[in-house]
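The values are calculated or read from the model by the stated rules, or taken from the named source; none is laboratory data. The model shown is predicted, which means the values in this text are computed figures rather than measured ones. All Cβ positions, even for glycine, are placed from backbone atoms using ideal geometry, and neighbour counts span all protein chains on display.
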Amino acid sequence: MGYCSRSRAAALIRERRVTLNGRIARDPETPTRVPPDRIEIDGAPLDKSPSVYFMMNKPRGVITTASDEKGRETVYELLDPEGRWVAPVGRLDKASEGLLLLTNDSEWAARITDPDSHLDKTYHVQIDCLASPELLAAIEKGCFVEGESLRAKRVRSLRHGAKNSWLEIVLDEGKNRQIRRLLEALDVRVLRLVRVSIGPLLLGDLPKGGVRALKTQEKREIDLALKRTSLT
């Protein structure tokens with residue numbers, strides 16, 4: 001419904017502030033369909049919030065969560081506190097940076113993060129060595145890490161210095177810390193990791209910490225890309 005997070009919704013139900021079809025809701029897992037079901041919070045009818053879609057250039061060191069027990073900065077501190085509730089679409093770990101989507105449309109977010117969508121996500125990655133053709137081939141071939149198969153869909157060298165290289169790595173899966181774990185298994189250390197695109201959506205020149213709404217055409221292009229990948 002785009003009203004709040006799942007954890008906040010569960011808390012409201014535990015506080016007996018939610019009614020379902022006129023009766024106090026007790027189980028957050030109760031199946032509902034709106035309409036015809038009626039949900040009220042503190043006696044006020046809950047209407048579906050208009051869907052909103054944002055992109056952020058997440059800075060390094062910022063946590064992709066609503067709150068942090070250690071008091072570290074979160075992505076919510078970069079958002080308008082008076083705006084509608086939104087949730088991150090997937091995650092970027094603390095040390096990673098770049099393109100992050102946020103929305104209150106949970107169904108759309110689930111389609112973006114669904115491993116079966118195979119929506120390409122592109123990263124620029126600085127590593128602590130010079131990238132050889134053999135290393136690029138090994139990244140695409142992949143390997144098993146803790147029983148899980150990790151590989152890149154595509155990889156190419158962007159540029160290099162005296163002791164390190166920048167790679168462009170494309171993934172079409174959403175496994176946890178996939179690039180870092182894969183490169184670590186190949187004895188390569190990641191110095192920086194920046195997500196620069198999700199499907200056809202480019203990070204572009206959005207400044208670090210910047211947030212903006214998706215343009216209508218950008219949202220349409222992502223939806224078309226999701227439709228194409230679902231048909232293949």
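Just a few scattered comments:
- Any chance ILE127 is surrounded by 16 or more Cβ atoms within 10 Å (Cβ to Cβ) and over 20 Å from THR229 (Cβ atoms): yes
- Applying a threshold of 9 Å to beta carbon distances and a minimum spacing of six or more residues, or different chains, the list of pairs starting in region 54-68 at a residue that is part of a loop (DSSP other than H, G, I, E, B) and ending at one that is surrounded by 22 or more Cβ atoms within 10 Å (Cβ to Cβ) and β-branched (Val, Ile, Thr) reads VAL62/VAL75; THR64/VAL75; THR65/VAL75; ALA66/VAL75.
- Residues within region 136-149 that are under 28 Å from GLY204 (Cα atoms) and touching a residue at least 24 places away in the same chain (Cβ under 8 Å), tallied: 2
- Top-ranked residue of region 110-124 - restricted to ones that are charged (D, E, K, R) and in a helix (DSSP H, G or I), ranked as surrounded by the fewest Cβ atoms within 10 Å (Cβ to Cβ): ASP116
- Members of region 206-232 that are over 13 Å from PHE54 (Cα atoms) and in a loop (DSSP other than H, G, I, E, B): PRO207, LYS208, THR232
- Leading residue by the ranking (farthest from SER5 (Cα to Cα)) among those in region 54-109 that are surrounded by fewer than 21 Cβ atoms within 10 Å (Cβ to Cβ) and of a type in the set (Lys, Arg): ARG60
- Taking every residue in region 152-178 that is touching a residue at least 60 places away in the same chain (Cβ under 8 Å) and pairing it with any residue that is hydroxyl-bearing (Ser, Thr, Tyr), at least 6 positions away or on another chain, the pairs with Cβ-Cβ distances below 7 Å are GLY174/THR113.
- Where GLU40 falls short, out of the listed (1) over 30 Å from ASP205 (Cα atoms); (2) in a strand (DSSP E or B); (3) in the same structural domain as GLY209 (by TED's automatic domain parsing): (3)
- Looking across region 146-171, the residues that are hydrophobic (A, V, I, L, M, F, W, C), surrounded by fewer than 16 Cβ atoms within 10 Å (Cβ to Cβ) and part of a strand (DSSP E or B) come down to LEU158, VAL170.
- Single match in ARG38, ARG6 (criterion: modelled with pLDDT under 90, within 21 Å of GLU107 (Cα to Cα) and basic (Lys, Arg)): ARG6
- Test: residue in region 184-205 that is farther than 20 Å from VAL89 by Cβ, assigned to a helix (DSSP H, G or I) and without any contact (Cβ under 8 Å) to a residue 40 or more places away in the chain: yes
- Test: residue in region 79-97 that is in contact (Cβ under 8 Å) with a residue 12 or more places away in the chain, on the phi > 0 side of the Ramachandran plot, assigned to a loop (DSSP other than H, G, I, E, B) and of a type outside the set (Ser, Thr, Tyr): yes
- Exclusive hit being of a type in the set (Gly, Ala, Ser) and surrounded by fewer than 16 Cβ atoms within 10 Å (Cβ to Cβ), set GLY174, GLY209: GLY209
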